[in-house]
DNA sequence: CTACTATTCTACTAAATTTATAGACTTTGT
DNA sequence: ACAAAGTCTATAAATTTAGTAGAATAGTAG
């Protein structure tokens, strides 16, 4: 399951995508519009900024905006930033591989084999669908 | 990510599958063999039993065993029993649908649309792959 | 250079969930 | 009756998730 954090983050990005190139949006406005606790949203936006998805400006006239156009931002990137790897088990993650401690032998682990397929299936969708795609309900054929 | 509980549960089921029709296995033996905390494993096995996946007997000569043959047990069933729905968001779960509270309009929610695909892709694998399939690395063509 | 606005950062706190343990109880076989 | 094994209830410990507070920093306009 996605955490609230990731859901909030996705909502925020979609909100900003709708206002792309219309100037920065205030955290307070975003929080109010999407029913997200403001202080919690601060953390989320900051993380997304640090990962290069958002851009921000301080001071008057400041706020948050997308750092690139919605058709350049993949959903997988947003989710990984906020919730960590897509993989169901760490030993099949491509972006954050970690060996499973309990695992005697990775090569013969039944769980690993199946979960690799699950990871690939999810990644195939989330790493080919952009924010723009999702807004217009366009899924890449390859992911269906 | 799968919880430890689900991982332990899967390991236990595979262990029992290897000993299918060779008489019941003691919790202690299973715990030791798979490096699972015994008391925690008790709960897990009990849940799997209550969901009809395992069978058990008390008293001398007792223990746990699969309640049906490994080619009749789907991985999705095990994971759902121990970790809940496969769906990344509750509003796209087929087995445990719950409306998202923060969601203004389900029909236009961008997150929902994409996550539905993700859920379907995972379910396609986990609900067509049996314990026997996983043991022999046989994936259904439909899930690839 | 001052006032104001808005993000950034650090440090918590609270709640929920997950993981794990303890011990009494029940069932079964001999 | 006794020992062996799962069952049940309760709770504790650890971790993660969610949320809050407030000072620090940066930018803008005057």
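One residue stands out among those in segment B:57-68 that are assigned to a strand (DSSP E or B) and more than 10 Å from DNA strand C (Cβ to nearest atom): the one that is farthest from residue B:8 (Cα to Cα), which is B:63. The sole residue among A:59, A:52 that is surrounded by fewer than 17 Cβ atoms within 10 Å (Cβ to Cβ) and either within 27 Å of residue B:127 (Cβ to Cβ) or away from DNA strand D (no atom under 16 Å from the Cβ) (or both) is A:52.
In segment B:1-38, how many are farther than 26 Å from residue A:3 by Cα, within 12 Å of DNA strand D (Cβ to nearest atom) and not in a helix (DSSP H, G or I)? Looking only at that region, the number is 5. When each of B:45, B:86, B:75, B:41 is tested for being under 28 Å from residue A:116 (Cβ atoms), touching a strand residue (DSSP E or B) at 6+ places or on another chain (Cβ under 8 Å), surrounded by 14 or more Cβ atoms within 10 Å (Cβ to Cβ) and without any contact (Cβ under 8 Å) to a residue 60 or more places away in the chain, the lone residue that passes is B:45. Just one of the listed residues (B:41, B:46) is within 14 Å of chain A (Cβ to nearest Cβ) and part of a helix (DSSP H, G or I), namely B:41. For segment B:77-92, a residue qualifies if it is within 11 Å of chain A (Cβ to nearest Cβ), under 21 Å from residue B:130 (Cβ atoms) and assigned to a helix (DSSP H, G or I), and the qualifying residues are B:78, B:79, B:83. Of the residues making up segment B:16-37, those that are surrounded by fewer than 17 Cβ atoms within 10 Å (Cβ to Cβ), free of Cβ contacts under 8 Å to residues at least 24 places away in the same chain and within 14 Å of chain A (Cβ to nearest Cβ) are B:32, B:33, B:35, B:37. Here are some conditions: (1) exposed (fewer than 14 other Cβ atoms within 10 Å of the Cβ); (2) closer than 25 Å to residue A:105 by Cα; (3) more than 14 Å from chain A (Cβ to nearest Cβ); (4) more than 8 Å from DNA strand D (Cβ to nearest atom). Residue B:65 meets all but one. Which one does it not meet? Of (1) exposed (fewer than 14 other Cβ atoms within 10 Å of the Cβ); (2) closer than 25 Å to residue A:105 by Cα; (3) more than 14 Å from chain A (Cβ to nearest Cβ); (4) more than 8 Å from DNA strand D (Cβ to nearest atom), only one is false for residue B:65: (1). Taking segment B:100-119 as the range and being within 9 Å of chain A (Cβ to nearest Cβ) and either within 20 Å of residue B:81 (Cα to Cα) or assigned to a helix (DSSP H, G or I) (or both) as the test, the residues that pass are B:110, B:111, B:113, B:114, B:115, B:117, B:118.
Read-outs: derived from the displayed coordinates by stated rules, not from any lab. What you are looking at is a predicted structure, and each value in this text was computed from that prediction instead of being measured. Using ideal geometry, Cβ is built from the backbone for each residue, glycine included, and neighbour counts are taken over all protein chains shown.
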